[in-house]
1. With Arg85, Arg43, Arg35, Arg24 as the choices, which residue is surrounded by fewer than 18 Cβ atoms within 10 Å (Cβ to Cβ) and touching a helix residue (DSSP H, G or I) at 6+ places or on another chain (Cβ under 7 Å)?
2. Regarding Gln206, is this residue at pLDDT 95 or above and over 18 Å from Leu33 (Cβ atoms)?
3. Taking segment 248-262, which residues are surrounded by fewer than 19 Cβ atoms within 10 Å (Cβ to Cβ), free of Cβ contacts under 8 Å to residues at least 60 places away in the same chain and part of a helix (DSSP H, G or I)?
4. When you look at Glu331, is it among the acidic types (Asp, Glu) and open to solvent by less than 60 Å² (accessible area, probe 1.4 Å), yes or no?
5. One residue is enough: does segment 10-19 have a residue meeting the conditions small (Gly, Ala, Ser), assigned to a loop (DSSP other than H, G, I, E, B), open to solvent by 40 Å² or more (accessible area, probe 1.4 Å) and out of contact with any Leu (no Cβ under 6 Å at 6 or more places or on another chain)?
6. Go through segment 263-277 and give me each residue that's at pLDDT 95 or above and outside any helix (DSSP H, G or I).
7. Just to verify a result, which residue in segment 378-413, among those that are open to solvent by 30 Å² or more (accessible area, probe 1.4 Å) and of a type in the set (S, T, N, Q), is farthest from Arg323 (Cα to Cα)?
8. Quick one: in segment 46-73, which of the residues that are among the hydroxyl-bearing types (Ser, Thr, Tyr) and open to solvent by 20 Å² or more (accessible area, probe 1.4 Å) is farthest from Asp242 (Cα to Cα)?
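The values are calculated or read from the model by the stated rules, or taken from the named source; none is laboratory data. The model shown is predicted, which means the values in this text are computed figures rather than measured ones. Neighbour counts run over all protein chains shown; Cβ positions are idealised from the backbone, glycine included. Accessible surface areas use protein heavy atoms only, side chains included; no ligands, DNA or RNA. Shrake-Rupley method; radii C 1.70, N 1.55, O 1.52, S 1.80 Å.
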Amino acid sequence: MDPVRNPYAPGAGQRPPELAGRGRELDVFDIVLERIARGRPERSLMLTGLRGVGKTVLLNTLRSQAINRLWGSGKIEARPDQSLRRPIAAALHMAVRELAPRHRAPDRIDTFLGVLKAFAQRSAPAGRGGAAPKLRDRWQPGIDVPAASGRADSGDIEIDLVELLSDAAGVAADVGTGIAVFIDEMQDLGAEDVSALCAACHELSQLGAPLIVVGAGLPHLPAVLSAAKSYSERLFRYQRIDRLDRIAADQALCAPAEREEVEYEQKALDLLYEKSGGYPYFVQAYGKATWDHAPRSPITAADVRVAAPEAEAELAVGFFGSRFERATPAEREYMRAMATLSLVDGDAESGGRDDMDAAVPTAEIARALGRKPASLSPARDALIKKGLIYSGERGTVAFTVPHFGRYLRTQPA
């Protein structure tokens, strides 16, 4: 098979040649956009799921839908060590710039940009004793209008964000459209920023303002939002993004191949689904390796078996290994115990709890390591902060990466 014609794309956030199995999510978002266009109330949207299920790809596709409807849009990626002010200011700047050519009142745009600049500049940290920040800590958002005063500049992120998003929604309403802000890795926002974002979305929903937030994050994102504001459970529409079912996984492989006049034997598809587990990133990884090793069409199960070790070796280095290397020895010990316990409810062939949909009680991990649960809290908390595990329910933890337990069990202690 010609590797130049290989259609598969196993990359971080890289759109696959066939976005299979996500039709429902795309249809739901189309309805959200249309309802807002007609002045109907709608909730902001939160996408949750493990790593490798295509949340970022879906987030980018939803943004394209908004752009196609002439909405203003901006996207950010949350970081645990970064305040929300700067990135969301940049995202809204981008969104309003998209709307500005259609606005009949340039002064209205300049007024908003002045508020945006004031909001952004409040992110500069004060020095000791309230001294002015050093020059290297100051940030200019690239807006050629003076900063406004008395709007979105109080220094309280919750007050300021409500005012800023309300003003941005007003600009969108002037041109008969909306604004969508897309936030990836949303679970990494600080507690204060999460609280402010929930408060702003709450205010916007009560006003019926044409601005929505579309977030994507790990499975514990709903718990993060709920801890910030109790009403967040009713504030957002949550969509769990999971592995592909068999039909969708076959479509993800076969549709791109058919465009290159290549076919798969049924047994090859059976084996590819068994190897990938239906996780979109794995589907692309195994598909790419299989294509490169197959001598001709149709692709057979024998081709898959020959190619599988190469796909697994690449995943071991790039997908699993890079994450494992970030962990300290104590954290690795904790994860190894998790991996061992993930087989308690089944054997390796049937998968047991290795599908990563189930969680492991922290008390069981402590018993397996012969330690008190409290002594393991630093390792657990550090792993959660690094995004390697998550706690969906109190007293339990699970891997954020599919098949990570299987990978750990193959590694020497």
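1. After ruling out the rest, the residue left standing is Arg43.
2. No, not satisfied.
3. Cys254, Glu258
4. Considered against the rule, which asks whether it is among the acidic types (Asp, Glu) and open to solvent by less than 60 Å² (accessible area, probe 1.4 Å), Glu331 comes out as yes.
5. yes
6. Glu263, Tyr264, Glu265
7. Result: Ser391.
8. The qualifying residue farthest from Asp242 (Cα to Cα) is Ser64.
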